[in-house]
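S.K.: Have a look at this one before I ask anything.
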Amino acid sequence: MQIQFDNEPLEKIAADALAVICFEAEEKTTATTAVAPSVSPDPAIAAQSGWLEELRETGEFTGKLYEMATLYRPEGVSAKRLVVVGGGKREKFTAVEARRIAGAVVRSLKPKGVRAIALALRENASAEEAAAVAEGAVLGDWEPDKYKSDPKKNEKQVETFTIAAAGGGGESLESAIRRGEIIAEAQNLTRDLVNEPANKLTPGLLAERAQQVCSEWGLQCEVLDSEAMEKLGMGALLGVAQGSVNPPFLIIMKYQPARQFGGDHLALVGKGVTFDTGGISIKPADGMEKMKYDMAGAAAAIGAMRAIAQLKPALPVTAYIPTVENMINGNAQRPGDIVTSLLGKTIEVLNTDAEGRLILADAITYAKRQGATHLLDAATLTGAIGIALGHYNMGAFTNQQDFLNRFLTVARTAGEKAWQLPMDEDYKEYLKSAFADLPNIGGRHGGSITAAWFLREFADPTPWIHLDIASTAWLEDGKPWMSKGPSGVAVRSFVQLALDWNHSGA
Ligand code: BES
Ligand code: ZN
Ligand code: ZN
C-alpha cells in the first residue's frame, strides 16, 4: 500500500472511495449543522448533506466512532464512493482516534475490493494527526495470514491510501505523513517477526533477519555466538539456552548519527525468547502455542532500529537482543541450578520459566560495558502484568523518575499507553536466596515488580526503564482498526524517544 498526500479540493480526488470524518451531533438543536461533514466546508461534499441528514434521521449513522455509511456515485465528486466515518465526540477527537479511524477505513473497505482510498483530514489538522492517519492506514492493512495458502487471499489489496488536506498542508504535513509511514512500516516488520511460529524463527534465524535489516538500512551489526558469550562469561543467558539444540545469540544493531549532540547513548534491550516452554518448570499445554510471541521485545527493538536508521535522530542508539529458546532436552537447566552472570552475581534458578530476566541480565550488563548511558528494555516478562494492568497499558518501571517521565511523555505523543508500577526498596525483600546472591523469582506477590527488581540489580546505577509488554504485545481479538495477533507495541515509543531526545530535556 502506497501512502500519498494530496491537497487538491476534495471533489477532485479520483479515488475508489473518499472517506470523510463526521462527528456525533453535539445537541439536538444543532443537529443539522453537525450533519454536514465537518472536515471540510467544501461545497461538493456539503452538497450530499441531504443524504447525510436522512441517515441521521433514520439513525443509520449517528457519528459514533468507526461507524460507516457509503454513498455510491456522489454528486459532483470524482471519487466513486463517499464514505462517512464516525469520529465520535468532536471534543474528544485526538490523534489516537485519527489513527484508529484510518485503520478502520482500510479494514472495512479492503474486503470490498476497494483499491484506492482517500481520507480527508480535519480542517487545520496538526502534523501529529496527519502522521497518525498514515500510521493507522499502514497498521490497518497488516494481516497475520502469511501461512494461509488460499490463492485468493491477496486478490483484494489496497494500492493507494491518499491523505487529503484540501488546500492546506504543504511541507510539514507531508513530512509528518512520511514519518508516520516509516514508523508504521517498522511496526509491521515487528508484527511480521512476532507472527512467525517458533519452527520458522529460531534464534539463529532471528539474528539473520536482524542482519538483513542492518545491511538494508545501513546499520552496523554484530552477532555474538555461544562461544563468544562463554568467553565473556554470560552464564545466566547460556543457562537458559542449554536445553535447546538451537544455539543462542546476542544480536547487536548499531545506529551512529552523522552529527551527535552530547554524550548520551541509548541502548534498546529486547527479550528474544523464540519459544518459551517454561523449561523443566513446564508451562501448561493450554495456550502454550502463544509462547512464540515471547520474542516481542526483541522484535520491537529490531523494528525500532529500522525506523531509526531511516529517520536519523541525532542520538546514538544500539539494540542489544539476547535470543534463546527455552526448551527441555536432557541438558536443560534444572530448578536449583546456580549460574554466574556476566556481572559476577550468582543466581539460583528456582523456576526455569522465569528465563527472560536471566537473558536480559547479561544483555543489560553487556550494554553498560559497551558504553550505554541510558537503558530501555522491552520484554514479555510476566503473566502478572496482565493481572495488574489488563491488555491496555504496558507496565513501566524505572530507577530514575526523570527518565521515565520523559518516556511517558513521548509514549503519549506516539499514541502508546504505559503505566508506572512501584519500585520501592521494600519489594527487594522478596528476592532472597539462601544459596546464591539472587533467586530468579520472588514469591507469589507483586510478580511483575520482583521481575523488574531482578533486572534493576543489573541495570543500576545507569538510568533504566523496563517495559513489561506480556499483556500488550498480542491482541486476543481483532479491533475495527487492527487485526488480531501481534500488536507491535513499544516500537512507536522507542522511535519517538530517540527522535525527541534533545527536546525532552535530556
Ligand atoms: N514468557 C513468560 C511471560 C508471559 C506470560 C508472556 C504470558 C506472555 C504471556 C515468562 O517467561 C514467564 O513464564 N514468567 C513467569 C514468571 C514466574 C515463573 C515467576 C510467569 O509470569 O508466570
Ligand atoms: Zn517463562
Ligand atoms: Zn518467557
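The values are calculated or read from the model by the stated rules, or taken from the named source; none is laboratory data. Keep in mind it's a predicted model, so treat the numbers as computed, not measured. Using ideal geometry, Cβ is built from the backbone for each residue, glycine included, and neighbour counts are taken over all protein chains shown.
S.K.: Given the criterion of a type in the set (Ser, Thr, Tyr), more than 26 Å from Val495 (Cα to Cα) and out of contact with any strand residue (DSSP E or B) (no Cβ under 6 Å at 6 or more places or on another chain), identify the matching residue among Ser175, Ser149.
M.R.: Of Ser175, Ser149, the one residue that is of a type in the set (Ser, Thr, Tyr), more than 26 Å from Val495 (Cα to Cα) and out of contact with any strand residue (DSSP E or B) (no Cβ under 6 Å at 6 or more places or on another chain) is Ser149.
S.K.: Next question. From the list Gly287, Gly278, which residue is within 14 Å of ligand 1 (Cβ to nearest atom), on the phi > 0 side of the Ramachandran plot and surrounded by fewer than 18 Cβ atoms within 10 Å (Cβ to Cβ)?
M.R.: None of the other options fit; the residue is Gly287.
S.K.: As an exercise: evaluate Gly443 against (1) buried (at least 17 other Cβ atoms within 10 Å of the Cβ); (2) without any contact (Cβ under 8 Å) to a residue 24 or more places away in the chain; (3) not β-branched (Val, Ile, Thr) and give the number of the one condition it does not meet.
M.R.: (1)
S.K.: Pairs, please: C-beta under 8 Å, at least 6 apart or cross-chain, first residue farther than 16 Å from Gln400 by Cβ and in segment 365-389, second away from ligand 3 (no atom under 16 Å from the Cβ) and of a type in the set (Ser, Thr, Tyr)?
M.R.: Close Cβ pairs (under 8 Å, with a partner that is away from ligand 3 (no atom under 16 Å from the Cβ) and of a type in the set (Ser, Thr, Tyr)) amount to Thr365/Ser341; Tyr366/Tyr320; Gln370/Thr318; Gln370/Tyr320.
S.K.: Further question: Could you check Ala379 against (1) of a type in the set (Gly, Ala, Ser); (2) out of contact with any Leu (no Cβ under 7 Å at 6 or more places or on another chain); (3) within 23 Å of Gly447 (Cβ to Cβ) and say which number it fails?
M.R.: Ala379 satisfies all of (1) of a type in the set (Gly, Ala, Ser); (2) out of contact with any Leu (no Cβ under 7 Å at 6 or more places or on another chain); (3) within 23 Å of Gly447 (Cβ to Cβ) except (2).
S.K.: Does segment 455-465 contain any residue that is surrounded by fewer than 23 Cβ atoms within 10 Å (Cβ to Cβ), modelled with pLDDT of 95 or more and part of a helix (DSSP H, G or I)?
M.R.: yes
S.K.: Would you mind telling me which numbered condition in (1) more than 16 Å from ligand 3 (Cβ to nearest atom); (2) touching a strand residue (DSSP E or B) at 6+ places or on another chain (Cβ under 9 Å); (3) not in a helix (DSSP H, G or I) Thr472 fails?
M.R.: All conditions pass for Thr472, except number (1).
S.K.: While we're looking at this one, here's another question. Any residue that is at pLDDT 90 or above, assigned to a helix (DSSP H, G or I) and buried (at least 17 other Cβ atoms within 10 Å of the Cβ) - is there at least one of those in segment 30-53?
M.R.: Scanning segment 30-53 turns up no residue that is at pLDDT 90 or above, assigned to a helix (DSSP H, G or I) and buried (at least 17 other Cβ atoms within 10 Å of the Cβ).
S.K.: Go through the residues of segment 300-313 one by one and say whether even a single one is within 20 Å of Lys271 (Cα to Cα), over 19 Å from the mean Cα position of the chain (by Cα) and either outside any strand (DSSP E or B) or within 16 Å of ligand 3 (Cβ to nearest atom) (or both).
M.R.: Checking segment 300-313: not a single residue is within 20 Å of Lys271 (Cα to Cα), over 19 Å from the mean Cα position of the chain (by Cα) and either outside any strand (DSSP E or B) or within 16 Å of ligand 3 (Cβ to nearest atom) (or both).
S.K.: Filter segment 127-152 for residues that are in a loop (DSSP other than H, G, I, E, B) and over 20 Å from Leu189 (Cβ atoms) and give the result.
M.R.: Within segment 127-152, Ser149, Asp150, Pro151, Lys152 qualify.
S.K.: Is one or more of the residues making up segment 89-96 part of a helix (DSSP H, G or I), out of contact with any strand residue (DSSP E or B) (no Cβ under 6 Å at 6 or more places or on another chain) and without any contact (Cβ under 8 Å) to a residue 12 or more places away in the chain?
M.R.: Yes: segment 89-96 contains one or more residues that are part of a helix (DSSP H, G or I), out of contact with any strand residue (DSSP E or B) (no Cβ under 6 Å at 6 or more places or on another chain) and without any contact (Cβ under 8 Å) to a residue 12 or more places away in the chain.
S.K.: To continue, here is another question. Residue by residue through segment 258-293, note down the ones that are more than 15 Å from ligand 2 (Cβ to nearest atom), more than 30 Å from Glu227 (Cβ to Cβ) and under 23 Å from the mean Cα position of the chain (by Cα).
M.R.: Hits for segment 258-293: nothing passes.
S.K.: Can you go through Leu119, Leu82, Leu109, Leu65 and tell me which one is surrounded by 17 or more Cβ atoms within 10 Å (Cβ to Cβ), assigned to a helix (DSSP H, G or I), of a type in the set (A, V, I, L, M, F, W, C) and touching a residue at least 12 places away in the same chain (Cβ under 8 Å)?
M.R.: Leu109
S.K.: Please go through (1) surrounded by fewer than 18 Cβ atoms within 10 Å (Cβ to Cβ); (2) more than 21 Å from Leu350 (Cβ to Cβ); (3) within 14 Å of ligand 1 (Cβ to nearest atom) for Ser471 and return the number of the only condition it doesn't satisfy.
M.R.: So Ser471 meets the others, but not (1).
S.K.: Sticking with this structure for a sec: Here are some residues: Arg334, Arg406. Which one is in contact (Cβ under 8 Å) with a residue 40 or more places away in the chain and surrounded by 16 or more Cβ atoms within 10 Å (Cβ to Cβ)?
M.R.: Of Arg334, Arg406, the one residue that is in contact (Cβ under 8 Å) with a residue 40 or more places away in the chain and surrounded by 16 or more Cβ atoms within 10 Å (Cβ to Cβ) is Arg406.
S.K.: State all residues of segment 421-455 that are of a type in the set (S, T, N, Q) and under 24 Å from Gly235 (Cβ atoms); if no residue qualifies, say none.
M.R.: Ser433, Asn440, Thr450 - these are the residues of segment 421-455 that are of a type in the set (S, T, N, Q) and under 24 Å from Gly235 (Cβ atoms).
S.K.: Within segment 369-402, restricting attention to residues that are surrounded by fewer than 21 Cβ atoms within 10 Å (Cβ to Cβ) and of a type in the set (D, E, K, R), which residue is nearest to the chain's Cα centre (by Cα)?
M.R.: Checked segment 369-402; the qualifying residue nearest to the chain's Cα centre (by Cα) is Asp402.
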